[in-house]
Amino acid sequence: MSGVDLKLAVAPLTTGVVGTALPRVDGRLKVTGAARYAADQQVAMGPAAARVLHGVALCSTIARGTLLSIDAQEALALPGVVAVLTAQDLPKLKKAVADFGTTSQPGEARLLFADDKIHYVGQYLGVVLAERREQAQAAAARVKLRYLTEPPVITTEAAMPTAYTPGTGFGGEPSYRRGLPEREFADAAFKHKQTYRTPIEHHQPMEPVASIAVWSGDELTMYESTQWVAGARSVISQMLDLPVEKVRVISPFVGGGFGCKGFIWPHSLLAALAAKKVGRPVKLEISRQQLVSACGHRPETLQTVALGASADGQLRAIMHSSVSQTSTVDEYSEEAANVSRYLYRCANVQSVNQLVKVNIATPTIMRAPGEAPGLFALESALDELSYQMKLDPVRLRQKNFAEQDPLHQRPWSSNQLRECYLLGMEKIGWSQRPAKPRTLRDKNWLIGYGMATATHIGFRSPGAAKVTVQADGRVLVQSATQDMGTGTYTILTQLAAAELGVAVEQVTVELGDTRLPPAPMSGGSMTAASVGPAVQAAAQHAISQLKVLAARDPQSPLHSKRPEELGVDHGALFVYTQQQQRESFTALLRRLRLPSVVGETSVDAPENNAVSIQSFGAHFCKVRVDAELGLVRVAKHVAVLDVGRVLNPLTARSQGHSGVVMGIGMALMEQTRYDARSGRPLDDNLGSYLIPTQADVGDIEVAFVQTPDSHIGPHGARGLGELVFTGVAPAIANAIYNATGIRVRELPITPDKLLR
Ligand code: MOS
């Protein structure tokens, strides 16, 4: 695999260690197994009667109906079994406020054990507690559940007669229009209209979800696999009717999330209620199989895209409608049609997101919710239009480049999309792409090239951090944010080290604990943008205190200097005009007999309605398709990304590669199918839910067009984890068409769809 290309850098991109390729500071902990994920936490090691109990959730095996009875007699007689708890044994939960972005969000609006109605396979009906996990598993298999079964509604088609338009979602109004799209479409010189489908996909993090609930009197500590400790604490405290300060949520390491650990799901409450009931800590691990219904999925979407273009390739009309599935107990909208509102310059746009309710567990955000499936439809449609017009697909996009945000009618904070196209064309060797499909061949392999645009909003939320500069030379950085494997520990180390002018080895970062200063969800690719500036500001706050201490101290060489006369480097304060006049932080603190100074700040996201902060990118892909077997190999994939400044090229490349790999999964493999009669998931295991392995991944190159974006924050870095994933699947689908002449409008593109 090729390295990161930073040659296009146009501005100074490193400040101290920021912008350099610092290897993961938590790498050693990860490879030695010292990093403790939720289920690894060792709690309550005391006497046997206080030790942690293992819970296994009892899950509904029907998709719709009424629970009649639970017979646990046989299970309770098994060795090690302590209790089988059901709705009757546990107190009712309270509703929590759903307030994404500020305080909390339950994963599912229906409260655990709300009533005896069953809405999907996997709905929790109780929990078995035993001394050992295997004992609890064996007992759970012996619990007899009796139901009154009703026929479930499983497919989008079956639910279509009841399709409806939901309320305002994460991405704004469900329906949008500007201009006269129908009329312009009718009059257009070139028209394309097709329907596209994306399947249910599951996040499949390496670490499935788990909770350990430990009560001490009326105080609760939860070890959680969560992307948002503060949100978890808020939801758990509200639902259990506890003051928020009585709940502590700890999540120092998260083994991938992709959105399924963004909100608080019923298993966490089940663990907390069970632990309270039996008076012992309870560990509830959700198995890979149970993950299918435990913490959301990307819902199926059925999208129609109509494009009208003038003879010279200007888009005159875009009409994009999407119907996605939600559960019968909550309303989650995938909002796939939203991308068409802003990605291209077009005066006449209609974009509508609708929902149907099915008896499948509640869906949730999954890496680039909305954009990922939406761009599969839009970018496939543009590709189809380009062949109809005999116009190069890059040219078509260049002609419709949006100089400013057409949705909000204001400038982009920064937009290097045109550079991304040019660099991507060069890197993939676009000139070798045959204009006519199915004309390039290497023996049995059909070869094709495809491309697509990537885009994702540049989110930022308020965040807080604490930076402690110690007399012993150590620096402690603390924030209640999370590292899902993305590199948060590492980039916060870099930002603090650069700000304080100390070596990265001196810096320790502590994350994932609600006792630390609050931070937003590690979602929406906003952690670097939200928490980074908080760490920078906290470090500055510490420095300003050090300056005051030095200026006040007659024994300091910096005595009576004004703050603006002093700079910082190598862990010392110095006088700008006389750089040898300096004093180290440690010398100053030791002489004053102070153990440390503490900088603590909470920074708001800047209110800026003058610009739209958005990231862009371009994917270019070369595929080889076995003409007889329909096997697809992504031979080379180039992702060129415009994310402002790159804080760390190593962790950024890792995010880039992983996004492309996940995109290969979306394009070629991933789907969760359900039996339409029973509502049972058919792909609730990694034997049939396929994700790419090393052998499925070819040469990936990730390049960055770096232009620091001052609008996002002082470090100039927008998020990239979701951006890079958007557009991968359509780029591959478009390359497959170029190779085979077969247009597949339904993901995943499995070999059967390419045989003819
Ligand atoms: Mo991401 S879907 O915002 O965790």
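For the residues 254, 229, 249, the requirement of being over 20 Å from residue 92 (Cα atoms) and more than 16 Å from the ligand (Cβ to nearest atom) singles out 249. Are any residues in region 55-71 under 24 Å from residue 291 (Cβ atoms) and not polar (S, T, N, Q), and if so, which ones? Scanning region 55-71 gives 55, 56, 57, 58, 59, 62, 63, 64, 65, 67, 70.
Checking the stated criteria, residue 210 turns out to be open to solvent by less than 10 Å² (accessible area, probe 1.4 Å), among the hydrophobic types (A, V, I, L, M, F, W, C), in contact (Cβ under 8 Å) with a residue 60 or more places away in the chain and not assigned by TED's automatic domain parsing to the domain that holds residue 749. Listed conditions (1) more than 30 Å from residue 379 (Cα to Cα); (2) open to solvent by 30 Å² or more (accessible area, probe 1.4 Å); (3) touching a residue at least 12 places away in the same chain (Cβ under 8 Å) are all met by residue 258, apart from (1). Residues of region 265-285 that are part of a loop (DSSP other than H, G, I, E, B), under 20 Å from residue 233 (Cβ atoms) and not aromatic (Phe, Trp, Tyr): 281 alone.
Restricting attention to region 318-329, does a residue exist that is out of contact with any strand residue (DSSP E or B) (no Cβ under 7 Å at 6 or more places or on another chain) and either open to solvent by 10 Å² or more (accessible area, probe 1.4 Å) or within 16 Å of the ligand (Cβ to nearest atom) (or both)? Yes, because at least one residue in region 318-329 is out of contact with any strand residue (DSSP E or B) (no Cβ under 7 Å at 6 or more places or on another chain) and either open to solvent by 10 Å² or more (accessible area, probe 1.4 Å) or within 16 Å of the ligand (Cβ to nearest atom) (or both).
Only one of the listed residues (397, 367) is away from the ligand (no atom under 16 Å from the Cβ) and either in a helix (DSSP H, G or I) or farther than 20 Å from residue 304 by Cβ (or both). That residue is 397.
Can you find a residue in region 433-452 that is within 30 Å of the chain's Cα centre (by Cα) and not aliphatic (A, V, I, L, M)? Yes; the residues of region 433-452 include at least one that is within 30 Å of the chain's Cα centre (by Cα) and not aliphatic (A, V, I, L, M).
All of 720, 686 fail the test of being in a loop (DSSP other than H, G, I, E, B) and within 16 Å of the ligand (Cβ to nearest atom), apart from 720.
Residues in region 717-737 that are over 17 Å from residue 663 (Cβ atoms) and either touching a Leu at 6+ places or on another chain (Cβ under 9 Å) or outside the structural domain of residue 419 (by TED's automatic domain parsing) (or both): 717 alone.
For region 72-80, state whether one or more residues are closer than 21 Å to residue 213 by Cβ, open to solvent by less than 60 Å² (accessible area, probe 1.4 Å) and not in a loop (DSSP other than H, G, I, E, B). There is no residue in region 72-80 that is closer than 21 Å to residue 213 by Cβ, open to solvent by less than 60 Å² (accessible area, probe 1.4 Å) and not in a loop (DSSP other than H, G, I, E, B). When 165, 226 are screened for being open to solvent by 40 Å² or more (accessible area, probe 1.4 Å) and among the hydroxyl-bearing types (Ser, Thr, Tyr), only 165 passes. Taking region 568-581 as the range and being out of contact with any Gly (no Cβ under 7 Å at 6 or more places or on another chain) and within 14 Å of residue 502 (Cβ to Cβ) as the test, the residues that pass are 572, 573.
Go through the residues of region 252-264 one by one and say whether even a single one is at negative phi and outside any loop (DSSP other than H, G, I, E, B). Among the residues of region 252-264, at least one is at negative phi and outside any loop (DSSP other than H, G, I, E, B), which makes the answer yes.
Is at least one residue of region 181-196 within 15 Å of the ligand (Cβ to nearest atom) and either within 28 Å of residue 376 (Cβ to Cβ) or not aliphatic (A, V, I, L, M) (or both)? Within region 181-196 (the criterion being within 15 Å of the ligand (Cβ to nearest atom) and either within 28 Å of residue 376 (Cβ to Cβ) or not aliphatic (A, V, I, L, M) (or both)), the answer is no, since none of the residues qualifies. Remark: pairs (first residue in region 516-527, touching a residue at least 60 places away in the same chain (Cβ under 8 Å); second residue more than 14 Å from the ligand (Cβ to nearest atom) and in a helix (DSSP H, G or I); Cβ separation under 7 Å; 6+ apart in sequence or on different chains) = 518/230; 519/230; 519/531. Go through region 208-237 and give me each residue that's under 27 Å from residue 292 (Cβ atoms), of a type outside the set (A, V, I, L, M, F, W, C) and out of contact with any helix residue (DSSP H, G or I) (no Cβ under 7 Å at 6 or more places or on another chain). 227, 231 - these are the residues of region 208-237 that are under 27 Å from residue 292 (Cβ atoms), of a type outside the set (A, V, I, L, M, F, W, C) and out of contact with any helix residue (DSSP H, G or I) (no Cβ under 7 Å at 6 or more places or on another chain).
The values are calculated or read from the model by the stated rules, or taken from the named source; none is laboratory data. None of the values given here were measured: they were computed from a predicted structure. FYI the Cβ positions are ideal-geometry reconstructions off the backbone, even for glycines, and counts take in every protein chain you see. Areas reflect the complete protein model, heavy atoms only, side chains present, ligands, DNA and RNA absent. Shrake-Rupley method; radii C 1.70, N 1.55, O 1.52, S 1.80 Å.
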